[in-house]
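Step one of this worksheet: look at the structure below.
The values are calculated or read from the model by the stated rules, or taken from the named source; none is laboratory data. Source: prediction; values computed, not measured. Here the Cβ is made from the backbone with ideal geometry for all residues, glycine too, and neighbour counts use every protein chain on show.
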């Protein structure tokens with residue numbers, strides 16, 4: 001079963017800067033089936049939404065193949081500050 | 001020849017009376033799996049024609065009898081599994097006739113018989129090449145088919161179910177957003193076509209559904225469509 005910790009650990013490998021923000025929520029009530037993943041990073045600056053998602057999809061390939069659904073929020077640091085409280 | 005198993009009940013009954021099973025999983029939409037299934041039949045014939053054979057060879061259409069595929073975690077076809085009293089002891093995933101023969105022989109040794117099935121090296125290599133070619137051709141044909149479908153309509157939604165009856169929350173919400181924005185769009189139900197369902201993931205380099213294509217280009221999945229909509233940018237994409 002995929003856990004919040006599994007995903008966070010994996011994300012930190014790529015989004016390892018001190019400024020990078022990561023938030024992972026298990027929306028399936030602990031069942032490891034549905035996740036919300038929000039990332040705030042300067043690595044997304046100037047990168048299209050599609051490309052941002054592709055980067056995360058590639059990184060979380062293993063996990064995505066095991067879970068039922070995932071919602072991705074791929075934000076620049078500024079966007080993260082603005083939107084993280086809307087989750 | 002190997003026997004076909006059509007239901008989970010049949011499988012359970014066979015399991016009750018037989019200790020050593022070799023089970024081949026195939027699907028009609030995968031030509032390599034049907035080719036390996038034919039090799040499997042040959043191996044089964046060889047093994048079962050021997051005097052003290054204890055192995056039972058079975059063929060299962062992976063999606064038709066999904067309880068069995070699910071039970072042994074079969075994720076792709078062709079896959080061949082070796083069961084000792086219902087327990088998985090070995091498996092051969094993918095199209096590899098000589099590996100299949102090797103594992104069959106190993107398995108029979110552990111059951112105190114000597115199946116000694118043989119797939120000649122050359123025959124095996126020829127078969128692997130043949131399968132590789134047909135896999136490449138199949139992929140080419142599939143990609144051509146996918147491209148045709150993508151271009152069926154300027155706005156094309158690959159979803160689970162159809163707009164009148166979506167079969168997934170994300171697909172449902174995507175349809176709603178498109179309709180709210182006055183989009184005219186075509187749709188394709190990927191639940192009805194395994195080949196496209198798997199092939200499009202590779203074609204798009206995108207692992208999930210729904211997938212929205214506009215003028216032949218991938219826009220993205222529900223998250224992206226929702227974001228674009230909230231930013232007021234989705235409507236700009238209308239052809």
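Could you please find all residues in region B:64-81 being touching a helix residue (DSSP H, G or I) at 6+ places or on another chain (Cβ under 7 Å) and farther than 17 Å from residue B:110 by Cβ? Answer for region B:64-81, where residues must be touching a helix residue (DSSP H, G or I) at 6+ places or on another chain (Cβ under 7 Å) and farther than 17 Å from residue B:110 by Cβ: B:65, B:67, B:68, B:77, B:78.
Quick check: anything in region B:101-116 within 15 Å of residue B:33 (Cβ to Cβ), surrounded by 15 or more Cβ atoms within 10 Å (Cβ to Cβ) and in contact with a helix residue (DSSP H, G or I) (Cβ under 7 Å, 6 or more places away or on another chain)? Within region B:101-116, not a single residue is within 15 Å of residue B:33 (Cβ to Cβ), surrounded by 15 or more Cβ atoms within 10 Å (Cβ to Cβ) and in contact with a helix residue (DSSP H, G or I) (Cβ under 7 Å, 6 or more places away or on another chain).
Identify all residues within region B:216-239 that are at positive phi and more than 12 Å from chain A (Cβ to nearest Cβ); write none if there are none.
B:216, B:232
Filtering region B:198-218 to residues that are farther than 19 Å from residue B:169 by Cβ and in contact with a strand residue (DSSP E or B) (Cβ under 7 Å, 6 or more places away or on another chain) leaves B:200, B:204, B:213, B:214, B:218. Taking region A:29-69 as the range and being part of a loop (DSSP other than H, G, I, E, B), surrounded by 15 or more Cβ atoms within 10 Å (Cβ to Cβ) and away from chain B (no Cβ under 13 Å) as the test, the residues that pass are A:32, A:41.
From the list B:213, B:203, which one is touching a residue at least 60 places away in the same chain (Cβ under 8 Å), part of a helix (DSSP H, G or I) and either within 14 Å of chain A (Cβ to nearest Cβ) or crowded, with 17+ Cβ neighbours inside 10 Å (or both)?
Result: B:203 is the single residue among B:213, B:203 that is touching a residue at least 60 places away in the same chain (Cβ under 8 Å), part of a helix (DSSP H, G or I) and either within 14 Å of chain A (Cβ to nearest Cβ) or crowded, with 17+ Cβ neighbours inside 10 Å (or both).
When region A:70-87 is filtered for residues that are out of contact with any helix residue (DSSP H, G or I) (no Cβ under 9 Å at 6 or more places or on another chain) and outside any helix (DSSP H, G or I), only A:87 remains. Of all residues in region B:150-169, those that are part of a helix (DSSP H, G or I) and surrounded by fewer than 17 Cβ atoms within 10 Å (Cβ to Cβ) total 1. Go through region B:176-192 and give me each residue that's farther than 12 Å from residue B:209 by Cβ and buried (at least 17 other Cβ atoms within 10 Å of the Cβ). Within region B:176-192, B:177, B:178, B:183, B:185 qualify. When residue B:12 is tested against (1) farther than 29 Å from residue B:142 by Cα; (2) touching a residue at least 12 places away in the same chain (Cβ under 8 Å); (3) loosely packed, with under 15 Cβ neighbours inside 10 Å, just one condition goes unmet, and that condition is (2). Of all the listed residues (B:218, B:178), the sole one being assigned to a helix (DSSP H, G or I) and either farther than 15 Å from residue B:150 by Cα or in contact with a helix residue (DSSP H, G or I) (Cβ under 6 Å, 6 or more places away or on another chain) (or both) is B:178.
Checked against the criterion of being part of a helix (DSSP H, G or I) and surrounded by fewer than 16 Cβ atoms within 10 Å (Cβ to Cβ), the candidates B:129, B:229, B:172 yield just one match: B:129.
Of the set (1) modelled with pLDDT of 85 or more; (2) assigned to a helix (DSSP H, G or I), all apply to residue B:124 but (1). Selection over region B:188-199 of residues that are in a helix (DSSP H, G or I) and away from chain A (no Cβ under 14 Å) gives a count of 7.
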